[in-house]
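Here is the structure we will look at.
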Amino acid sequence: MNTIFIFILVATLLLFLRYRNLYLLLIPLIFFGITISFTYPVYSVIDEAAHFEYILRILYAKRLPTLHENDIWLFQLLEQNSSFHAKLIPAHANYGAVQPPFYYLVVALLLSPIYLIFKDPTLIFHGARLLGVVLLAATVITVIKTYYLLVGRKIIPRFDLLFFSLLTISFFSERMLQILIPVSNEHMAVFFFSLGLYLLTRISSEPFSRKIFIIFTTLSVLIFYTRFTAISFFPISALVLWLRYGFKKALVYSITVALFALPFFIYNFVHYHDLTGARKHIDFVLPIVNPNNESYDVMRSMTFVLETFRKGIFLQSVHNNLARNLGLFIPSLLFLAFCTLWVVALKKRFLILGAFWAAIFGSCVFLTYSTISTRIPSIIDRYFFLNITPMLILMYYFILTFFRKKGVYLLSGIFILYWFIAAWEYLLIPYLTYFKIF
């Protein structure tokens, strides 16, 4: 088995060097993703139990859940309809019931045949994780398509080896796979956000298209109904539409999204007397994540942002000394790109690069405000995964702007070396151990 893993990594790299096709990276990603989906410990990721509980309530109770429903009722219902053991879901796991419902409705619909035929929540659970693998692959495809589109429109120069290496250090990091494969609305939100930025790239460089406008507006509504943390997407989109097509188109877009979002606010007000239902969720989570009820001001929250970028959005330190040193270098480069590239983007007057920078900055502002207003530390790496496209594109453009060709080749080699070392430590050893290979 270990020979197979190594062969896939090496073969992918050799095939890429031969054919220069970025989509080849999907081969090891899907292979590792499927392996992780079945071997990663159940509920080992933050909130996975709550996300899965939401799906089960839709399937078994035939309705959307509300906060603080009786968990015993769900356990009894599960035991009556299957061999499922109630202890697999922690008590009081329905604190995620205030999440927008689209992801959970889609998963419940897609996995309803498993429910109707087998009534086995274990199969439903692994089916939901496999959907995470599909959405992760779809995100990679979308990021690559955005890259090719920017190259084709001559907004950024082409250097496939560098972009290939950046894809490897991001999508094959332990943290990325740990968040975007387990049961969570996170992987759908990241895919939708990436797809939205791809369409925004087209909007910024193409004449007005009614078809693209309708698709983009529809996708924006779906983003709203998938994840709260994607809220920065809407003002950026409205601004780009205004600059490209005029105020009227931006107004139509904004009003349409607002009208379609209205039922969600009404639903929450009826059930929780709160437009988002977030207050009751905060009351439940706050004693867990901030037991001392500490307050956060702007300066302290900004230090969290700086520390998150310094440590790395996608990367975690590994045990191997060489890989750990590389892992500290890469996030530093990312932070440098984030801080300086907006100057280049404005100088070159590339609207979409400015929008990419604004997407990252918007996430920083939103998460800082959320941390200050709720006293719940929200500035954590996984909430920045929505910006995987802007981060990769901006770091890519930064490297090509400020490094000579030999330096670019050197950095690409360093990133690929990190990919091999990190894949060995994060992916191969744990799962080969699981299969009793070692």
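The values are calculated or read from the model by the stated rules, or taken from the named source; none is laboratory data. Everything numeric in this text was worked out from a predicted model, so none of it was measured. Reconstructed Cβ throughout: ideal geometry from the backbone, glycine too, with neighbour counts over all protein chains shown.
Listed by first and then second residue, the pairs with beta-carbon distance under 9 Å, at least 6 apart or on different chains, first residue in the stretch 279-299 and small (Gly, Ala, Ser), second surrounded by 10 or more Cβ atoms within 10 Å (Cβ to Cβ), are SER295/ILE372; SER295/ARG375. Within the set THR168, THR122, the sole residue that is buried (at least 22 other Cβ atoms within 10 Å of the Cβ), at pLDDT below 95, of a type in the set (Val, Ile, Thr) and not in a loop (DSSP other than H, G, I, E, B) turns out to be THR168. The residues of the stretch 247-275 include none that are outside any helix (DSSP H, G or I) and at pLDDT 95 or above. Check whether at least one residue in the stretch 377-398 is modelled with pLDDT of 80 or more and touching a Pro at 6+ places or on another chain (Cβ under 6 Å), and report yes or no. Within the stretch 377-398, not a single residue is modelled with pLDDT of 80 or more and touching a Pro at 6+ places or on another chain (Cβ under 6 Å). Of the residues making up the stretch 170-212, those that are more than 12 Å from ARG129 (Cα to Cα) and among the polar types (S, T, N, Q) are SER170, SER173, SER194, THR201, SER204, SER205, SER209.
When residues in the stretch 10-45 are screened for being polar (S, T, N, Q) and over 20 Å from the mean Cα position of the chain (by Cα), 3 of them pass. Any residue that is part of a helix (DSSP H, G or I), modelled with pLDDT of 80 or more, over 30 Å from TRP419 (Cβ atoms) and over 22 Å from the mean Cα position of the chain (by Cα) - is there at least one of those in the stretch 298-309? No, the stretch 298-309 contains no residue that is part of a helix (DSSP H, G or I), modelled with pLDDT of 80 or more, over 30 Å from TRP419 (Cβ atoms) and over 22 Å from the mean Cα position of the chain (by Cα). No other residue among ILE55, ILE6, ILE27, ILE36 is surrounded by fewer than 19 Cβ atoms within 10 Å (Cβ to Cβ), in contact (Cβ under 8 Å) with a residue 60 or more places away in the chain and assigned to a helix (DSSP H, G or I) apart from ILE6.
Counting the residues of the stretch 198-244 that are in a helix (DSSP H, G or I) and touching a residue at least 40 places away in the same chain (Cβ under 8 Å) gives 23. Please enumerate the residues belonging to the stretch 399-417 that are surrounded by fewer than 20 Cβ atoms within 10 Å (Cβ to Cβ), modelled with pLDDT under 90 and among the aromatic types (Phe, Trp, Tyr). Passing the criteria: PHE402, PHE403.
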